[in-house]
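Trainee: Here's a structure for you.
The values are calculated or read from the model by the stated rules, or taken from the named source; none is laboratory data. What you see is a predicted model; the values in this text were computed from it and never measured. Here Cβ is always computed from backbone atoms with ideal geometry, including for glycine, and neighbour counts include all displayed protein chains. Each accessible area value is taken on the protein alone, full model and side chains, heavy atoms only, with ligands, DNA and RNA left out. Shrake-Rupley method; radii C 1.70, N 1.55, O 1.52, S 1.80 Å.
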Amino acid sequence: MNAIDRKIFGTLFFSIFAAVTGVGIVVPLLPVYAHDLGASGLYIGLIFGAFSLSRTFFLPYFGRRSDKKGRKPFIVAGLFSYAVVSVAFILFTGVESLIVIRFFQGITSAMIMPVVQAYVGDITPTGKEGWVMGLFNMSLFIGLSAGPLIGGVIKDRFSLNGAFVCMGVLSLVGFVLSLVFLPPTAEERVVKRGRPPLGWSQILSDRTIAGLFLFRLAYTACIGIIWGFLPVFADMEFSVSASGIGILVMLGVLVSGVVQVPMGWLADRLNRKSMIILGGLVVTGAVYAFKHAAGFQDMFWASVVFGIGGGIAMPALMAAAVLQGSRREAMGSVMALLTVGHSLGMLVGSVMAGVMMDWFQLRQAFILGALVMAAGTVLFTACTWRTDLSRGTVPAAPPQIPEG
C-alpha cells in the first residue's frame with residue numbers, strides 16, 4: 001500500500017469512526033425512548049425497520065453509481081446528511097416522527113457505507129484482503145461499541161437531546177475529514193478505469209456472492225434483534241440502567257472490533273470458508289443463550305461470545321467479498337449487495353422480534369434469531385461448497401501494513 005493509498009485509508013478510517021460513533025450514541029437509546037413514548041413492540045420494530053427498508057432500496061443505486069462516477073461525492077454528501085438528521089431528531093418528537101426520520105437516515109446511510117467499503121477494496125493489495133478489511137472494520141466496530149456507552153452516560157447525566165447533538169457533531173467531523181483529505185474524484189482508480197461495471201444480472205447469478213449475502217443477512221438479523229430488543233428486555237425484566245444497557249450493547253461490537261485485525265490477518269492465511277462457518281456457529285449459540293439469561297451477568301457473557309463469533313466470521317467474509325468485487329470489476333455493486341443483506345437483516349430481525357414480543361414473549365425472539373443464524377450458515381455452506389474463497393492468500397508473515 002503506497003503513501004497515497006495509506007492517506008486514503010487513514011482518512012476513511014477516522015471519518016467513518018467519527019460518524020459511526022455518533023450513530024452508536026443514539027441508536028441503542030431509541031428503543032427505550034420509543035417505549036417511553038408508548039410505542040408497541042411492532043412500532044419499535046418499525047423504527048429500526050424504516051431505516052433498513054429505505055437503505056435497502058437505495059443501496060444498489062448508490063453502489064452502482066459510485067462504480068461509474070467515483071466514491072468521494074457520495075461519501076461527503078452522506079456524512080453531511082447524517083448531521084442534518086441529528087437536528088431532525090431534536091426538532092421532531094413522537095413515534096411516527098421517529099419512523100420518518102429513520103427512513104431518511106437510511107437513505108443517507110446508503111450513500112456512505114458500501115461506497116466507503118468499496119473505496120477500501122479499491123486500494124487493498126492482492127493477498128491482504130482480510131488484513132486490510134479487518135483493520136478497517138475495527139473503525140466500525142469500535143465506533144459502534146464506544147457510542148452506546150457514551151450515549152448511556154450522556155442520557156443519564158444530561159438528556160437524550162445531548163446524545164443527538166453529539167451525533168451531529170461527530171458526523172460533521174467525518175464530513176470535514178473526507179472533504180479535505182480524500183483525493184479529487186478524477187484521481188480515483190474506479191474513475192480512471194473508464195469501463196462500465198458488470199451488469200446486475202451477472203452479479204446476482206453468482207452463487208458465491210449469494211452465499212456471502214445470505215450469511216450477512218442472517219448475522220445482521222441477529223444484530224437487529226439484539227440492538228432493537230435487548231435494551232427493552234434488560235429494562236423490562238431486570239431494570240438495568242441506561243448506562244448498563246449501553247455496556248451490554250457495546251460489548252458485542254467492542255469484542256468483535258478488537259478481534260477484527262488478528263482474525264483478518266488469519267483470514268489471509270487460513271481457510272476463509274471454515275472461519276465464516278465457525279463464526280456462524282458461535283453466533284448461533286450466543287443468541288440462543290440470551291433466551292436463558294437470568295440477569296445482567298448472563299447477558300454480559302452472551303454479548304461477549306456474540307462479539308467473538310462475529311469477529312471470527314466478518315473479516316473472512318469481507319475478504320472474500322473484496323476478492324469477488326475485484327474479479328468482477330464491480331466493487332461498489334458487490335459491497336452494495338452485501339450491505340443490502342445487512343439492511344434486510346436488520347429489518348427482518350427487528351420486525352420479527354417486535355412481533356414475537358407482541359404475540360408471545362420477548363425471550364422467544366432470541367430463539368428465532370438463533371434459528372435464522374443457523375439457517376444462514378447452512379445456506380452459505382451450500383452456496384460456496386465448490387468455491388475457493390482464499391485464492392490470492394499470502395504466506396505467513398508478521399501482521400503489518402504492506403508497503404508498495
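Trainee: What fraction, in whole percent, of alpha-carbon pairs in region 200-264 exceed 17 Å separation? Numbers along the way, then the final one.
Mentor: Values: 1228 of 2080 pairs.
Percent of Cα pairs beyond 17 Å in region 200-264: 59.
Trainee: Toward the positive end of the charge dipole of the chain, about the Cα centre and with charges on Cβ (Lys, Arg +1; Asp, Glu -1), which of Ile112, Gln361, Ser326 goes farthest?
Mentor: In the chain, that residue is Ser326.
Trainee: Ok, one more. Could you name the aspartates and glutamates in cross-link range of Lys69, using Cα to Cα under 18 Å and dropping any fewer than eight places away on the same chain?
Mentor: Output for Lys69: Asp122, Glu187, Glu188, Glu329.
Trainee: Please provide three numbers in whole Å: the alpha-carbon extents of region 80-204 along the principal axes, with the largest listed first.
Mentor: 50, 31, 29
Trainee: Now, a different point. What's the percent breakdown of Cα-Cα distances in region 240-376 across 5 Å bins, shortest bin first?
Mentor: Bin by bin from 0 Å, the calculated values are 2, 10, 15, 20, 22, 14, 9, 5, 2, 1.
Trainee: Let me ask you something else. Could the peptides 310-319, 55-64 be put in order, highest first, of the mean number of other beta-carbon atoms found within 10 Å of their residues? Before the final figure, lay out each step's value.
Mentor: Working: 310-319: 29.3, 55-64: 22.0.
Answer by packing, highest mean first, reads 310-319, 55-64.
Trainee: What percentages, rounded to whole numbers, describe P(r) for region 111-157 computed over all alpha carbon pairs with 10 Å bin width beginning at zero?
Mentor: In whole percents, the pair-distance histogram is 23, 38, 23, 13, 3.
Trainee: Cut-off 10 angstrom, C-alpha nodes, Gaussian network model of the chain. Which of Arg269, Arg65, Arg327 fluctuates the most?
Mentor: Arg327
Trainee: Tell me the Kirkwood radius of region 146-296: reciprocal of the mean inverse pair distance over distinct alpha-carbon atoms, in Å.
Mentor: 19.4
Trainee: For region 95-188, which chymotrypsin sites (Phe, Trp or Tyr not before Pro) pass both filters: DSSP loop (anything but H, G, I, E, B) and at most 13 other C-beta atoms within 10 Å?
Mentor: Working: sites: Phe103, Phe104, Tyr119, Trp131, Phe136, Phe141, Phe158, Phe164, Phe175, Phe181; in loops: Phe158.
Qualifying residues, ordered by number: Phe158.
Trainee: Another question, then. Quick one: length gained pulling Leu270 to Leu42 fully straight, 0.36 nm per residue minus the C-alpha distance? Write down the numbers at each step before the final one.
Mentor: Values: separation 228, 0.36 × 228 = 82.08 nm, distance 4.24 nm.
Result: 77.8 nm gained on full extension.
Trainee: If you don't mind, another one. Might you report the magnitude of the Cβ-based charge dipole of the chain about its Cα centre, with Lys and Arg at +1 and Asp and Glu at -1, to the nearest 20 debye? List each step's numbers first, then the result.
Mentor: Details: 28 positive and 18 negative charges, 245 e Å.
It comes to approximately 1180 debye.
Trainee: In addition: With the Cα gyration tensor of the chain in hand, give its eigenvalues times 5 under a square root as the equivalent ellipsoid semi-axes, listed largest first in whole angstrom. Display every interim value, and only then the final one.
Mentor: Values: eigenvalues 197, 119, 72 Å².
The answer is 31, 24, 19 Å, longest axis first.
Trainee: Bins of 10 Å, beginning at zero and ending with the bin holding the largest distance: percent of Cα pairs per bin for region 279-342, please.
Mentor: Answer for region 279-342: a P(r) of 21, 35, 25, 15, 4 percent.
Trainee: Hey, another quick one. May I ask which residue of Ser86, Leu140, Leu59 lies farthest towards the positive end of the charge dipole of region 54-141, with charges of +1 (Lys, Arg) and -1 (Asp, Glu) on Cβ and the Cα centre as origin?
Mentor: Farthest towards the positive end: Leu59.
Trainee: Continuing with the same structure: Restricted to Cα positions, what overall size does region 64-112 have along the principal axes? Three whole-Å values, descending.
Mentor: In descending order, the Cα extents are 40, 16, 8 Å.
Trainee: When the accessible area of the chain is split by element with a 1.4 Å probe, what percent falls to carbon and sulfur? Could you put the intermediate results ahead of the total?
Mentor: Values: 10410 of 15060 Å².
That share works out to 69 percent.
Trainee: Right, here's the next one. So which helices of the chain fit the span-like rule, where a helix is a whole DSSP H run, its Cα atoms reach 20 Å or more along the axis, and its mean Kyte-Doolittle is at least 1.0? List each step's numbers first, then the result.
Mentor: Numbers: long enough: 3-26 (35 Å, 1.49); 41-69 (41 Å, 0.22); 72-91 (29 Å, 1.92); 95-110 (23 Å, 1.18); 129-157 (42 Å, 0.79); 160-181 (32 Å, 2.20); 207-238 (44 Å, 1.27); 242-267 (36 Å, 1.82); 272-291 (30 Å, 1.06); 296-328 (46 Å, 0.86); 331-359 (42 Å, 1.33); 364-383 (29 Å, 1.88).
Helices passing the filter in the chain: 3-26, 72-91, 95-110, 160-181, 207-238, 242-267, 272-291, 331-359, 364-383.
Trainee: Which of the lysines could a cross-linker bridge to Lys72, judged by Cα under 23 Å and excluding same-chain residues fewer than eight apart?
Mentor: Candidates past the 8-residue exclusion: Lys7, Lys192.
Trainee: Per residue, how much accessible surface does the chain expose to a 1.4 Å probe? Answer in Å², no decimals. Write down the numbers at each step before the final one.
Mentor: Values: 15060 Å² over 404 residues.
Computed with neighbouring chains in place, this is 37 Å² per residue.
Trainee: Here is a further query. Which order do the peptides 235-246, 291-302 come out in when sorted by mean C-beta neighbours inside 10 angstrom, highest first? It would help to have the intermediate numbers written out before the result.
Mentor: Numbers: 235-246: 18.1, 291-302: 15.4.
Highest-to-lowest ranking by the protection proxy: 235-246, 291-302.
Trainee: Which whole-number percentage describes the relative contact order of the chain, with Cα contacts under 8 Å and a sequence gap of 6 or more? Don't skip to the answer; put the middle values down first.
Mentor: Working: 777 pairs, mean separation 119.5, N = 404.
Once divided by the residue count of the chain, the mean separation gives 30 percent.
Trainee: Computed over the Cα atoms, what is the radius of gyration of region 1-112 divided by 2.2 N^0.38 Å, N being its residue count? Walk me through the intermediate numbers first.
Mentor: Details: Rg = 15.9 Å, N = 112, 2.2 N^0.38 = 13.2 Å.
Relative to the rule-of-thumb radius for its length, region 1-112 sits at 1.20.
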